[in-house]
Amino acid sequence: MNPYSSLPPNKFWRPSVAEKDYFSISEVWKPKFQISKDAAIITAGSCFSQNMGKELQRRGMNWLNAETAAGELGAKEAHELNYGVFSFRTGNIYTARLLLQWLKWAFEETSPSKEVWNDGERYFDPFRPNITPVGFDSPHAMWASREVTLEAIRQAVSSADVFVFTMGLTEAWLNTATDVVYPMCPGTVQGRFDERLHKAHNFTFNEIHTDFQECIDLLGRYNPRLRLVFTVSPVPVTATFTQHHVLTASTYTKSVLRAVAGQLEASNENVEYFPSYELVASPPMNGVFYNPNKRTITPTGVRFVMNHFFNSIYLRDQTQHKTAEEGIRSSLPFEDIICEEELLDYYK
């Protein structure tokens with residue numbers, strides 16, 4: 001006898017992975033806590049996180065949309081203006097530092113930046129550069145719109161039972177004068193790049209872990225009952241500004257984020273890690289859930305990931321949840337994902 005003799009099959013590669021097809025792999029995630037069907041869930045993060053919100057709605061879960069569009073807007077127009085994409089209208093939050101920045105602004109622990117981008121006619125929010133394609137009439141209109149989003153963050157965090165956040169990137173651009181972090185490099189989606197002011201930074205494990213832990217602590221101060229589920233996007237980076245090939249740069253990014261998520265889960269009772277990344281990107285999957293561009297995820301892949309999520313929290317797909325046909329018909333298809341980072345592909 002030895003310590004391995006009494007372990008269940010899912011602790012061994014051969015019976016739980018090698019001898020199964022990928023659709024038969026099970027018990028990949030055993031969460032610390034259950035998530036009931038009526039639990040208020042908020043979502044944010046990178047592009048892949050948009051799928052989480054759509055699936056929560058499709059399956060009849062209580063996804064919290066804290067920033068809704070005006071009644072006169074149709075579904076397509078509202079989506080183009082980033083309503084209903086995440087629980088609040090921040091656009092994609094790719095990095096830990098950007099999430100921390102939004103939370104500190106929302107709960108007035110730091111003052112929001114007054115920086116404004118102008119193309120000569122219209123004004124744009126540097127921290128939500130794609131939130132409205134046509135921009136704003138004035139800086140005041142932009143700031144007022146952002147304040148609505150900050151209030152939505154406050155409401156969402158205060159009301160939620162679960163916060164699902166998808167980690168996306170380690171690379172970001174900073175303002176060396178103000179220390180703010182941008183979601184995108186200035187001059188790509190909007191704004192102008194200034195090499196004297198804008199600096200590239202690839203966050204380290206320690207920096208990212210510290211930022212996320214600060215986020216967890218801040219969220220706990222304003223909602224002690226809130227539980228967090230971190231996941232890592234399986235979508236590779238579009239481009240890298242490091243000295244490395246994009247393949248190795250992407251591997252670094254996902255490896256660091258996965259390690260951070262594991263450490264946060266181990267050291268916080270209210271934190272879980274859900275393995276979106278492993279379910280799509282690990283070798284046994286043979287890349288079958290990627291589109292021909294080898295980056296974005298197919299609808300089948302998204303459903304595969306989400307089935308694992310719902311089955312793991314003991315809410316069985318197609319029984320306690322609405323089927324695709326019975327779900328919310330206003331939901332946009334999986335392919336209709338707003339992802340500013342993909343715009344970097346234009347510069348290749």
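Here are some notes:
- Residue that is modelled with the highest pLDDT [pool: residues in the stretch 68-97 that are aromatic (Phe, Trp, Tyr) and within 19 Å of residue 135 (Cα to Cα)]: 88
- Some residue of the stretch 220-235 being among the β-branched types (Val, Ile, Thr), under 19 Å from residue 104 (Cα atoms) and not in a helix (DSSP H, G or I): no
- Residue in the stretch 167-182 that is without any contact (Cβ under 8 Å) to a residue 24 or more places away in the chain and of a type in the set (D, E, K, R) present: yes
- Residue satisfying all of: in the stretch 74-104; outside any helix (DSSP H, G or I) and in contact with a Phe, Trp or Tyr (Cβ under 7 Å, 6 or more places away or on another chain); surrounded by the fewest Cβ atoms within 10 Å (Cβ to Cβ) among these: 89
- The stretch 269-289, residues that are touching a helix residue (DSSP H, G or I) at 6+ places or on another chain (Cβ under 7 Å) and either at positive phi or not β-branched (Val, Ile, Thr) (or both): 272, 273, 274, 276, 277, 279, 284, 285, 289
- Taking the criterion of being crowded, with 18+ Cβ neighbours inside 10 Å and closer than 25 Å to residue 226 by Cβ, the residues of the stretch 173-209 that qualify are 181, 183, 203, 208, 209.
- When the criteria are applied in full, residue 209 fails the requirement of being within 30 Å of residue 274 (Cα to Cα), in a strand (DSSP E or B) and modelled with pLDDT of 95 or more.
- Picking from residues in the stretch 119-140 that are of a type outside the set (Asp, Glu) and exposed (fewer than 15 other Cβ atoms within 10 Å of the Cβ), the one that is farthest from residue 187 (Cα to Cα) is 140.
- The listed residues are 144, 69, and the only one of them that is outside any loop (DSSP other than H, G, I, E, B) and of a type in the set (Gly, Ala, Ser) turns out to be 144.
- Residue under evaluation residue 31, criteria (1) touching a residue at least 60 places away in the same chain (Cβ under 8 Å); (2) in contact with a strand residue (DSSP E or B) (Cβ under 9 Å, 6 or more places away or on another chain); (3) closer than 23 Å to residue 184 by Cβ, criterion not met: (3)
- Sub-9 Å Cβ pairs linking a first residue in the stretch 131-146 that is touching a residue at least 24 places away in the same chain (Cβ under 8 Å) to a second residue that is assigned to a helix (DSSP H, G or I) and small (Gly, Ala, Ser), at least 6 apart or interchain, are 131/145; 132/145, ordered by first then second residue.
- Complete set of residues in the stretch 275-302 that are surrounded by fewer than 17 Cβ atoms within 10 Å (Cβ to Cβ) and outside any loop (DSSP other than H, G, I, E, B): 283, 284, 299, 300
- Given (1) crowded, with 18+ Cβ neighbours inside 10 Å; (2) among the aromatic types (Phe, Trp, Tyr); (3) at pLDDT below 95, number of the condition residue 314 does not satisfy: (1)
- In the stretch 34-59, the residue that is nearest to residue 184 (Cα to Cα) out of those that are free of Cβ contacts under 8 Å to residues at least 40 places away in the same chain and part of a helix (DSSP H, G or I) is 53.
The values are calculated or read from the model by the stated rules, or taken from the named source; none is laboratory data. Fair warning: this is a prediction, and the values are worked out from it, not measured in the lab. For neighbour counting, all protein chains shown are included, and Cβ atoms are generated from backbone atoms with ideal geometry for every residue, glycine included.
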